[in-house]
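Structure record follows, encoded as C-alpha cells.
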C-alpha cells in the first residue's frame with residue numbers, strides 16, 4: 001500500500017504546481033496594456049477623380065478604326081503582288097522535291113559532256129542533278145554546282161505571308177572511308 005501511496009502523492013503535488021496562480025496576474029496585465037494602447041490608423045486618401053479624354057477631332061479618321069488598318073494592308077499587298085515572286089504551283093513536281101532538304105546529302109560530282117552533275121543521296125538511292133533542276137520541299141531551284149557544294153534558291157513565305165527568296169547550300173558529305 002505504501003508503494004502506491006508515494007507515487008500518487010507525488011503526482012498530486014506536481015499537479016498542484018500547475019495551478020492557476022500566475023495566470024491571473026498575466027490576464028490582469030494584458031487587460032491593463034490593452035486598455036492603455038490606442039490604435040492609430042491613418043485615414044485613407046481621397047481617390048483621384050477620373051477625367052475621361054474627349055476626342056476633339058470628330059470629323060477626322062479615328063486612329064483605331066479597323067478600316068485604316070485594312071487599307072494599309074491592302075496597299076502593302078498590292079506592292080508585294082507587284083514584285084511577282086511566287087512559286088510555280090502548276091508545274092509538275094520533280095522526284096527530289098518530295099524530300100526535305102536536310103535529308104538530301106551531296107556525295108560527289110560527275111562531269112558528262114562538259115556539264116557538271118551533282119551526285120545526291122536520299123535514303124539509299126543516288127540521283128544525278130544539274131543546274132536548273134528543282135530540289136527540296138520549298139520550291140528550290142539549283143543555281144550552281146561546284147566540286148564541294150550545290151547552291152539553290154528557295155521560295156518561302158515569311159511571317160507576313162509574302163513570298164521571299166532564300167539561298168541554301170548542300171555541302172559535300174565526305175564518307176568515313178575517304179577520311180581514313
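Do you know which residues across segment 113-125 are under 17 Å from residue 101 (Cβ atoms) and in contact with a strand residue (DSSP E or B) (Cβ under 7 Å, 6 or more places away or on another chain)?
Across segment 113-125, the qualifying residues are 118, 119, 120, 121, 122.
Just to be sure I understand, how many residues within segment 144-163 are assigned to a strand (DSSP E or B), more than 15 Å from residue 120 (Cα to Cα) and more than 21 Å from the chain's Cα centre (by Cα)?
The number of residues fulfilling the criteria is 4.
Looking at this structure, is residue 62 touching a helix residue (DSSP H, G or I) at 6+ places or on another chain (Cβ under 9 Å), exposed (fewer than 14 other Cβ atoms within 10 Å of the Cβ) and assigned to a loop (DSSP other than H, G, I, E, B)?
Numbers: touching a helix residue (DSSP H, G or I) at 6+ places or on another chain (Cβ under 9 Å): yes; exposed (fewer than 14 other Cβ atoms within 10 Å of the Cβ): yes; assigned to a loop (DSSP other than H, G, I, E, B): yes.
Yes; evaluated as a whole, the condition is true for this residue.
Test each condition in (1) outside any helix (DSSP H, G or I); (2) modelled with pLDDT under 90 for residue 77 and report the one that comes out false.
So residue 77 meets the others, but not (1).
The values are calculated or read from the model by the stated rules, or taken from the named source; none is laboratory data. Not measured: the values here are computed from a predicted model. Reconstructed Cβ throughout: ideal geometry from the backbone, glycine too, with neighbour counts over all protein chains shown.
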